[in-house]
């Protein structure tokens with residue numbers, strides 16, 4: 001830990017740890033292959049017959065020709081548990097392995113930041129693991145704080161670490177440190193960093209984490225030789241190869257023990273037989289002139305083998321006693337049982353695997369210890385969605401670009417014709433221009449008038465009350481000063497391959513240009529956004545919608561005409577393309593909205609088109625009222641435009657279950673049920689939806705899908721509005 005150089009070989013002596021005996025166990029039982037050493041003078045094993053998973057337990061680090069390896073050490077008990085789990089289930093997944101092996105366990109302790117690097121290393125054999133020192137903050141009676149480091153990252157040189165901290169203090173890159181002292185003893189590591197009175201220990205500590213090895217990384221690269229060839233191994237691969245190795249060792253050891261036991265049993269059979277004819281055998285031996293002659297005579301007379309005859313000739317006289325005979329018989333019976341056991345083991349793969357598990361349990365019980373390295377969540381691994389409820393919210397964007405989200409329940413339902421209630425405290429020259437409804441866990445695709453697309457999680461949008469102004473959108477996304485958000489799409493999941501390759505984003509501009517692009521082109525979020533459409537001079541993006549490729553598109557202009565054509569008339573284009581003409585409008589006209597309608601949807605029959613004019617008039621019409629035209633046509637009349645109704649401001653797809661949210665330029669809002677608006681013909685002017693005061697006009701219309709049962713009815717001023725409708 002202090003970087004002391006190793007001693008010369010002549011000064012070193014070593015003895016094996018207790019665990020090393022398990023590493024060398026059974027090496028004399030033909031369990032592994034041997035080869036010549038470097039000068040052919042000795043034999044050395046090609047691999048050790050270790051019971052302990054050394055490669056996982058100790059790790060490894062080295063550089064070879066053209067490749068390198070860097071394996072992290074792990075906890076013995078956890079490795080044993082994982083090996084047993086693998087034996088029980090060879091199809092075990094990485095997530096299941098992580099229940100047993102939590103991650104690397106470094107001998108120097110420390111705190112691993114985050115789980116993703118561990119998961120990558122387990123899954124692929126490569127990953128970056130960030131290790132942070134364990135620190136404590138001590139405060140004396142005068143209030144002075146002291147940072148005490150009790151554990152440092154693996155492979156960090158403590159002496160160089162202290163020198164680095166001192167250098168930062170001297171160069172004034174770190175402020176607030178009085179002195180640094182190493183108080184390490186046999187009781188453990190202790191680096192004391194004394195701070196100035198009034199210095200913030202958290203600020204100093206975070207600075208040290210950033211600029212010194214108090215926080216360092218360990219790059220896992222699990223390269224190992226498998227059958228002589230280098231391979232990058234996942235954690236499951238390492239366990240599998242170790243289990244295969246132990247299986248081979250157990251089989252070879254059992255065969256060796258079986259052969260040895262059979263040889264001994266064969267000798268014992270001869271000795272026991274000899275004791276039955278001991279007088280005759282003694283006479284034969286006494287009559288023989290040499291040992292060889294005695295052996296040959298015994299083999300010829302009694303049918304002994306050469307090994308048995310040799311053992312009989314060398315038998316001691318004390319074995320003639322009854323007690324010794326009982327010992328021989330007992331040894332023989334024990335050997336017979338052992339031979340039977342070995343044959344059962346060799347005949348059963350399951351028994352062999354049980355031995356592997358038993359050995360792992362034995363190692364854990366005898367040598368296992370607690371983890372030294374703690375694993376903590378990193379800041380980027382906290383899932384923000386866990387802190388927000390799965391509910392719908394209202395998102396409002398003002399004319400000057402202020403954005404906020406508000407709980408949907410804050411907007412109360414009013415009857416048709418209500419005057420409305422104050423929806424936002426905006427400045428005099430500002431007003432609420434767009435209002436959307438989205439889920440807190442969804443991803444918002446924000447499209448700006450200049451054709452840019454930005455990604456934003458709904459929970460990242462600043463929360464505000466119904467009457468608050470919100471926050472400037474430039475402070476939420478990296479939008480250009482001369483740009484503003486014009487449309488959004490609420491997307492549930494951008495990682496589902498099937499979903500993003502079977503849905504399209506349809507964009508329309510104020511000049512009637514339409515463009516269709518696969519959702520997959522928008523599935524890779526970027527902080528600074530991407531180009532969604534190349535907007536021509538004098539034009540700007542108006543609206544965006546997501547389709548399944550089988551919809552019909554409705555485009556409506558301010559002068560009250562609407563074109564209906566099949567989505568297939570617009571072929572898919574690249575993300576930065578300009579698009580094609582969707583509706584043919586006059587120079588003094590512009591597109592105010594788009595509907596993407598699926599005639600094959602289950603609820604298609606219950607849907608209708610809602611149009612609203614700027615003076616508060618609106619109506620619903622059946623889809624069949626609009627005949628199918630071709631892309632680029634002038635369309636058909638959708639509202640009878642008069643001075644009383646004003647120009648068209650919105651066209652929406654609605655059902656009877658929906659609610660309508662209307663906001664005028666003065667900031668007043670009204671929420672009403674769509675079912676209160678009657679079905680009328682395509683060319684009529686409709687009925688009054690909201691009372692408009694002089695000089696005011698409708699700014700934005702939004703549909704709240706499915707209504708809101710929790711909303712309360714509030715229509716104190718509804719009666720006057722109803723009377724106005726009846727008079728007209």
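The values are calculated or read from the model by the stated rules, or taken from the named source; none is laboratory data. Remember, predicted model here, so these are calculated numbers, not experimental data. FYI the Cβ positions are ideal-geometry reconstructions off the backbone, even for glycines, and counts take in every protein chain you see.
For region 32-72, please list each of the strands (runs of 3 or more DSSP E) lying entirely inside it that holds at least 3 residues being within 21 Å of residue 125 (Cβ to Cβ) and not assigned by TED's automatic domain parsing to the domain that holds residue 254.
Answer list for region 32-72: 60-64, 67-71.
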Legend entry - Checking residue 241 against (1) touching a residue at least 24 places away in the same chain (Cβ under 8 Å); (2) under 25 Å from residue 107 (Cβ atoms); (3) surrounded by 12 or more Cβ atoms within 10 Å (Cβ to Cβ), the condition it does not meet: (1)
Legend entry - Neighbours by Cβ (under 8 Å, 6+ apart or cross-chain): first from region 51-66, touching a residue at least 24 places away in the same chain (Cβ under 8 Å); second surrounded by fewer than 16 Cβ atoms within 10 Å (Cβ to Cβ) and assigned to a loop (DSSP other than H, G, I, E, B): none
Inset, instruction - Evaluate the following for residue 486: is it at pLDDT below 90, assigned to a strand (DSSP E or B) and in the same structural domain as residue 578 (by TED's automatic domain parsing)? - result: yes
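Name the residue, out of 675, 702, that is assigned by TED's automatic domain parsing to the domain that holds residue 579 and out of contact with any strand residue (DSSP E or B) (no Cβ under 6 Å at 6 or more places or on another chain).
Numbers: 702 fails: out of contact with any strand residue (DSSP E or B) (no Cβ under 6 Å at 6 or more places or on another chain).
The conditions single out 675.
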Inset, instruction - Pairs only if they're at least six apart or on different chains, beta carbon under 8 angstrom, first in region 1-18 and in contact (Cβ under 8 Å) with a residue 12 or more places away in the chain, second in a loop (DSSP other than H, G, I, E, B) and surrounded by 10 or more Cβ atoms within 10 Å (Cβ to Cβ); list them, first residue then second. - result: 1/108; 1/152; 1/156; 1/157; 1/189; 2/157; 3/157
Legend entry - Residue within region 322-345 that is assigned to a helix (DSSP H, G or I), at pLDDT 90 or above, surrounded by fewer than 17 Cβ atoms within 10 Å (Cβ to Cβ) and under 47 Å from the mean Cα position of the chain (by Cα) present: yes
Legend entry - Pairs, first free of Cβ contacts under 8 Å to residues at least 60 places away in the same chain and on the phi < 0 side of the Ramachandran plot in region 314-335, second surrounded by 10 or more Cβ atoms within 10 Å (Cβ to Cβ) and not in a helix (DSSP H, G or I), C-beta under 6 Å, six or more apart: none
Inset, instruction - For residues that are closer than 16 Å to residue 452 by Cβ and crowded, with 16+ Cβ neighbours inside 10 Å, tally how many sit in region 463-507. - result: 13
Inset, instruction - Quick one: in region 58-80, of everything that is more than 17 Å from residue 19 (Cβ to Cβ) and within 26 Å of the chain's Cα centre (by Cα), which residue is surrounded by the fewest Cβ atoms within 10 Å (Cβ to Cβ)? - result: 70
Legend entry - Residue satisfying all of: in region 516-543; under 13 Å from residue 591 (Cβ atoms) and not in a loop (DSSP other than H, G, I, E, B); nearest to the chain's Cα centre (by Cα) among these: 543
Legend entry - The listed residue being within 18 Å of residue 207 (Cα to Cα) and touching a residue at least 12 places away in the same chain (Cβ under 8 Å), out of 131, 118: 131
Inset, instruction - Would you check if there is a residue in region 527-536 being farther than 26 Å from residue 571 by Cβ and surrounded by fewer than 22 Cβ atoms within 10 Å (Cβ to Cβ)? - result: yes
Inset, instruction - Six or more apart or on different chains, Cβ under 9 Å: which pairs go from a residue in region 276-292 that's within 16 Å of residue 310 (Cα to Cα) to one that's loosely packed, with under 10 Cβ neighbours inside 10 Å and at pLDDT below 90? Could you list them? - result: 291/314
Legend entry - 2 or more residues under 28 Å from residue 53 (Cβ atoms): qualifying helices (runs of 4 or more DSSP H) within region 92-181: 94-97, 116-124
Inset, instruction - List the number of the failed condition for residue 289; all other conditions in (1) loosely packed, with under 14 Cβ neighbours inside 10 Å; (2) more than 48 Å from the chain's Cα centre (by Cα); (3) not in a loop (DSSP other than H, G, I, E, B) hold. - result: (3)
Legend entry - Filter result (in contact with a helix residue (DSSP H, G or I) (Cβ under 8 Å, 6 or more places away or on another chain) and surrounded by 20 or more Cβ atoms within 10 Å (Cβ to Cβ)) within region 244-256: 246, 250, 254
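If a residue must be touching a helix residue (DSSP H, G or I) at 6+ places or on another chain (Cβ under 9 Å), assigned to a loop (DSSP other than H, G, I, E, B) and either modelled with pLDDT under 80 or crowded, with 22+ Cβ neighbours inside 10 Å (or both), how many such residues does region 443-462 contain? Even if it seems obvious, please write down each step before you answer.
Quick first cut of region 443-462, residues touching a helix residue (DSSP H, G or I) at 6+ places or on another chain (Cβ under 9 Å) only: 443-446, 453, 455, 457, 459-460, 462.
With the extra rule that they be assigned to a loop (DSSP other than H, G, I, E, B), the set shrinks to 462.
Next, only the ones that are either modelled with pLDDT under 80 or crowded, with 22+ Cβ neighbours inside 10 Å (or both) stay: none.
The total comes to 0.
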Inset, instruction - Would you mention how many residues in region 157-183 are over 17 Å from residue 144 (Cα atoms) and out of contact with any helix residue (DSSP H, G or I) (no Cβ under 7 Å at 6 or more places or on another chain)? - result: 15
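Given 29, 51, which one is more than 46 Å from the chain's Cα centre (by Cα) and surrounded by 10 or more Cβ atoms within 10 Å (Cβ to Cβ)?
Answer to the check: 29.
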Inset, instruction - Only residues that are assigned to a helix (DSSP H, G or I) and either within 22 Å of residue 263 (Cα to Cα) or not assigned by TED's automatic domain parsing to the domain that holds residue 266 (or both): list them for region 302-319, please. - result: 302, 306, 307, 308, 309, 310, 311, 312, 313, 319
Inset, instruction - Keeping to region 673-688, report how many residues are under 27 Å from residue 544 (Cβ atoms) and modelled with pLDDT under 85. - result: 2
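This table checks each residue for (1) without any contact (Cβ under 8 Å) to a residue 12 or more places away in the chain; (2) surrounded by fewer than 16 Cβ atoms within 10 Å (Cβ to Cβ); (3) not assigned by TED's automatic domain parsing to the domain that holds residue 178.
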residue: 123; (1), (2), (3): no, no, yes
residue: 127; (1), (2), (3): no, no, yes
residue: 138; (1), (2), (3): yes, yes, no
residue: 145; (1), (2), (3): no, no, no
residue: 162; (1), (2), (3): no, no, no
Legend entry - Positions within region 563-586 being within 14 Å of residue 632 (Cα to Cα) and either in contact with a helix residue (DSSP H, G or I) (Cβ under 6 Å, 6 or more places away or on another chain) or assigned to a strand (DSSP E or B) (or both), in sequence order: 563, 564, 565, 566, 580, 581
